[in-house]
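Structure first, commentary second.
Values quoted throughout were computed directly from the atomic coordinates according to the rules given, and no laboratory measurement underlies them. This structure is a prediction, so every number in the text was calculated from the model and none was measured. Neighbour counts run over all protein chains shown; Cβ positions are idealised from the backbone, glycine included.
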Amino acid sequence: MHMKPVYSVVIPCYNEQEVIAESYRRLSGVMRGMGESYELIFVNDGSRDGTAALLNELAQGDECVKVLHFAANRGHQIAVTAGLDYALGSAVVIIDADLQDPPELIPEMAALWKEGAQVVYGQRKSRSGESYFKLKTAELYYKLIQRLTGGFIPRDTGDFRLVDEQVADVVRGMPEHARFLRGMFAWAGFRQVPLLYDRDKRFAGQTHYPLKKMLKLAADGVLSFSDKPLKLPLWLGLCWLAAGAVTLLVLLILLILGRPGGLWWLAALGMLGFGSVLTALGVAGSYLARVYDEAKQRPLYVVAETRGFDSENSEEPVDD
C-alpha cells in the first residue's frame with residue numbers, strides 16, 4: 001500500500017489530448033521540486049478523443065499518476081468531486097488541465113497552507129485570451145451572486161485552489177447533485193485566504209465551458225446558495241397589484257373625462273398577470289426540480305476503470 005501523500009492534485013479532463021502531455025510535464029516538475037510526496041489524480045470525464053490512452057500511458061510510466069475513467073461524461077464539477085473522493089493527501093489542489101491556471105503557483109499556495117490557511121483560492125487579477133463578452137458576463141455574474149448570497153463567495157475565483165483535508169472532508173460530506181464547488185468551499189468556512197494571479201489563455205485546444213454550460217453553472221451557484229429568487233414572486237405580485245391600481249385609476253380618470261379607455265388596458269393587465277404567474281411557477285419549479293433530483297439518490301458518477309490506485313483506494317464507494 002502506498003504511503004499517504006502530502007499533496008493530492010486533482011485534474012479534471014474532458015477531450016484534452018492536446019494539453020495532457022504539457023500539463024503533466026509542468027505539474028510533475030512543480031510537484032517534484034517541492035520535495036514532498038504527492039499524487040496526480042487525473043479524472044477522465046468521458047473524453048471522446050485520445051485523452052484516455054494518454055492518461056493510461058502516464059500512469060504506467062509514473063507511480064505518482066492515478067487515473068479515474070468515468071463511464072460517461074458527468075461534467076466538470078462532478079469530475080472534481082470524484083477526484084476529491086479518491087484523494088488521500090493532507091492537502092488537495094484542484095487545477096484544470098488546460099494550464100490557464102499556472103501550476104507554478106502551487107508552491108505559493110502550499111506555503112500559505114503551512115502558515116495556517118486551510119483554503120487558498122486563486123483570485124484572478126486578469127484573464128488573458130478571453131473575449132470581451134465573457135469578461136463582462138463574468139463580471140456581472142460575480143456581482144449578482146455576491147448580492148444574492150450576501151458576499152460570502154469571493155469575486156473572480158474559479159475552482160483553482162488548495163484545500164486542507166479537513167475542509168475536503170466537509171465538502172465530501174455534501175451530497176447535492178447540482179454542485180457549485182467554489183460556493184461549497186466558501187460555505188464550509190475555516191481560514192480562507194486569496195492568492196492573486198494573472199490567468200493565462202488556454203495552452204491548446206478549445207474551451208469546454210461554452211455559454212450553455214456557463215449558464216448552468218451560474219444557475220447552480222445562485223439556486224444552491226441563495227433563497228432570494230423565491231422572493232421574486234412576492235415582488236412581482238406587489239408590482240402587479242400596483243400596476244393594476246394605477247391602471248384602474250387611469251381608466252377612472254378617462255371615464256370621468258368622457259374618454260373610455262376600451263379593453264386595451266385590461267388586455268395589457270391580463271398579459272402582465274399571466275407573465276407574473278409563469279415567472280413565479282418557473283422559479284418554484286427550479287427549486288422543485290432540485291428536490292426531485294436529490295430524491296432519486298443516484299450516484300454522482302460511475303467509475304468504469306482506475307489506473308495507479310492500490311486496491312483498497314480503488315474500491316471506495318462513489319455514491320456520496
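Summarising the label geometry, the points placed 7 Å from Cα in the beta-carbon direction at Gln166 and Ala53 lie 4.7 nm from one another.
As a proxy for reagent exposure, ranking Phe185, Phe180, Phe309 by other Cβ atoms within 10 Å from fewest up yields Phe309, Phe180, Phe185.
Length available on full extension from Glu36 to Gln60: 0.36 nm per residue minus the Cα-Cα distance, which gives 6.5 nm.
The slack between Lys4 and Leu196, meaning 0.36 nm per residue of separation minus the straight C-alpha distance, is 66.1 nm.
When the inverse distances between all different Cα atoms of the range 1-101 are averaged and flipped, the Kirkwood radius reads 13.3 angstrom. Per residue, the convex hull spanned by the Cα atoms of the range 39-89 amounts to 64 cubic angstrom.
Distance between the 7 Å Cα→Cβ label points at Leu257 and Arg155: 4.7 nm. Extending 7 Å from the Cα toward the beta-carbon at both Ala304 and Arg25 defines two label points whose distance is 2.9 nm.
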